[in-house]
Amino acid sequence: MKSGYKVIGLMSGTSLDGVDLAFCDFIYENNLWTFKILNAETIKYSSEWREKLRGLNKRNSFEFIQAHAEYGKYLGELAKRFIKKNKIKPGFVSSHGHTIFHQPQKKLTFQLGNGAAIAAECGLTVVCDFRTLDVALGGQGAPLVPIGDKLLFHEYGFCLNIGGISNISFDKNGKRIAFDVCPANIVLNNLSLQLNKEFDKNGEIAAKGKINEKLLYELNRLAYYKMPPPKSLGIEWIEKNIFPLLKKTNIPVEDKLKTFCEHIAVQIAGVTNSVKKSTLLITGGGAHNKYLINRIKKLSESEIIIPEKNIIDFKEALIFAFLGVLRMRNEVNCLKSVTGAERNNTGGTVFLM
């Protein structure tokens, strides 16, 4: 029996580039899923929204709850405009929200963007809040993308997304394994801002720098990298462990960028080279960083695959749309082999319209 779903996926990553919107068509037939991205767009954050989201983890409780409602309304407005502009008829909206807190060891994770506000604004059913059930079940609540990798991108050995934080998924001994590898664009963009640039286009600034071996050694020896999965990273860990190391190292920003790119490449290669040689699909904003990709190619034994631009830029929005589909079908969308939860689960809060 053939089933079809047309859904808008909303995604905001830790690198604060903007909100990704992807209108996706999913078909389930003969026990296989296929997909198409029909329309996609990234709406860049205004400087006001970027600053508000960046500092919200330090605001008081009233400001935080107010921002949760305001950001939900904003996401609903974006969805409504996207629908009108493209003359589309989605069945529902599936929203990741924007992660503000992620401390699963304290049973805590929070994605900003009130689902009721999104639904009220765009007039459609909304699925959101995908992580909290898994965290309540003792899991990391992250990464969530691997079920989509397994069902939609099964032809690749590794699926790597280089966003604010880089994460990877692959099959090992018949189970899907996935985890956050290391920080990526959230750090590179922070360094670029020190040079009054939003990001280092193509890694051109990093390419001109020099690798600082002492800083590289200190980055690579951080305890997180020796931990076995399941494991995940949040902004809190980066603020505690990465930014102080970069701040105390008195070298030019260009050298810090080059050294951190090398750190990312070393950590990714360390994962891919530990499993037999395979294909490595790379998506996310980092796939556009030519310098970084060249360093990964140099260090990894896997064949590097860079897909079409829509997959690079909107794979996470696509997969969160898909997680919403699985939620509406009451099927598993979060794997215990990935997160360490006590059982596979079906995460997501539904606001019906």
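The values are calculated or read from the model by the stated rules, or taken from the named source; none is laboratory data. This is a predicted model, so every value here is computed, not measured. Every residue, glycine among them, receives a Cβ derived from its backbone with ideal geometry; neighbour counts consider all protein chains shown. Only protein heavy atoms, including side chains, enter the accessible area calculation; ligands, DNA and RNA are left aside. Shrake-Rupley method; radii C 1.70, N 1.55, O 1.52, S 1.80 Å.
A 1.4 Å probe run over the protein chains yields, for the chain, 45 Å² of accessible area per residue, whole-number rounding. Projected onto its three principal axes, the C-alpha set of the stretch 267-335 covers 43, 26, 17 Å, listed from the longest axis down.
Could you run the Debye sum over the Cα atoms of the stretch 144-240, one equal point scatterer each and no solvent, and tell me log10 of I(q)/I(0) at q = 0.15 Å⁻¹, two decimals? Result of the Debye calculation: -0.75.
Distance from the Cα centroid of the stretch 45-80 to that of the stretch 102-166 is 18 Å (rounded to whole angstrom).
For the chain, the Kirkwood hydrodynamic radius from C-alpha pairs, put into Stokes-Einstein at 25 °C and a viscosity of 0.890 mPa s, yields a diffusion coefficient of 120 µm² per second. Assign unit charges at the C-beta atoms only (+1 for Lys and Arg, -1 for Asp and Glu), then state the dipole size of the chain relative to its Cα centre in Debye, rounded to the nearest 20. Here the size comes out at about 220 debye.
Charge dipole of the stretch 1-129 (Cα centre as origin; +1 on each Lys and Arg Cβ, -1 on each Asp and Glu Cβ, all else neutral): 100 debye, rounded to the nearest 20. Candidates 79, 95, 110 compared by Cα position along the dipole of the stretch 64-140: farthest toward the positive end lies 79, with charges placed on Cβ. Estimated from helical segments only, the mean residue ellipticity of the chain at 222 nm is -12000 deg cm²/dmol, where each DSSP H run of four or more residues counts as -39500 (n - 2.57). With Cα atoms defining each centre, the stretch 1-31 and the stretch 222-286 are spaced 28 Å apart in the structure. Accessible area of residue 213 (1.4 Å probe, protein heavy atoms only, ligands and nucleic acids ignored): about 120 Å². Shape descriptor for the stretch 198-246: Rg over Rh equals 1.03 (Cα atoms; Rh from the Kirkwood inverse mean 1/r). Size of the stretch 296-335 from its Cα atoms: along the principal axes, largest to smallest, the extents are 43, 23, 10 Å. The residues packed around residue 304, meaning those with a beta-carbon under 13 Å from its beta-carbon, carry a net charge of +3 if Lys and Arg are +1 and Asp and Glu are -1. Using the Kirkwood radius built from alpha carbon pairs, what does the Stokes-Einstein equation give as D for the stretch 197-281 at 20 °C and 1.002 mPa s, in µm² per second? After rounding, the answer is 150 µm²/s. GNM on the chain, alpha-carbon springs under 10 angstrom: the most fluctuating residue among 39, 185, 161 is 39.
With a cap of 13 neighbouring Cβ atoms within 10 Å, and only residues DSSP puts in a loop, list the trypsin sites (Lys or Arg not before Pro) found in the stretch 253-296. Sites meeting the loop and neighbour criteria: 276, 277.
When you have a sec, figure out the Kirkwood radius of the stretch 60-143 from all distinct Cα pair distances and drop it here in Å to one decimal? Over the stretch 60-143, the inverse of the mean reciprocal pair distance is 13.6 Å.
Ordered from highest to lowest accessible area with the whole protein assembly present and a 1.4 Å probe, 154, 96, 288 read as 154, 288, 96.
The fraction of Cα-Cα pairs per 5 angstrom bin, counted from 0 for the stretch 40-195, comes to 2, 8, 13, 17, 19, 19, 13, 7, 2, 0 percent, rounded to whole percents. In a reduced charge model with +1 at each Lys and Arg Cβ and -1 at each Asp and Glu Cβ, the stretch 257-313 shows a dipole moment near 180 debye about its Cα centre. Using Cα atoms only, what is the angle between the long axis of helix 290-299 and the major principal axis of the chain, expressed in degrees (0 to 90) to the nearest 10? The answer is roughly 70 degrees. With a 1.4 Å probe rolled over the protein heavy atoms of all chains, the accessible area of 171, 255 falls in the order 171, 255, largest first.
Between 174, 209, 340, the residue with the greatest mean-square fluctuation in the GNM of the chain (Cα pairs under 10 Å linked by springs) is 174. P(r) tail, the stretch 145-188: Cα-Cα pairs separated by more than 15 Å, 40% of all pairs.
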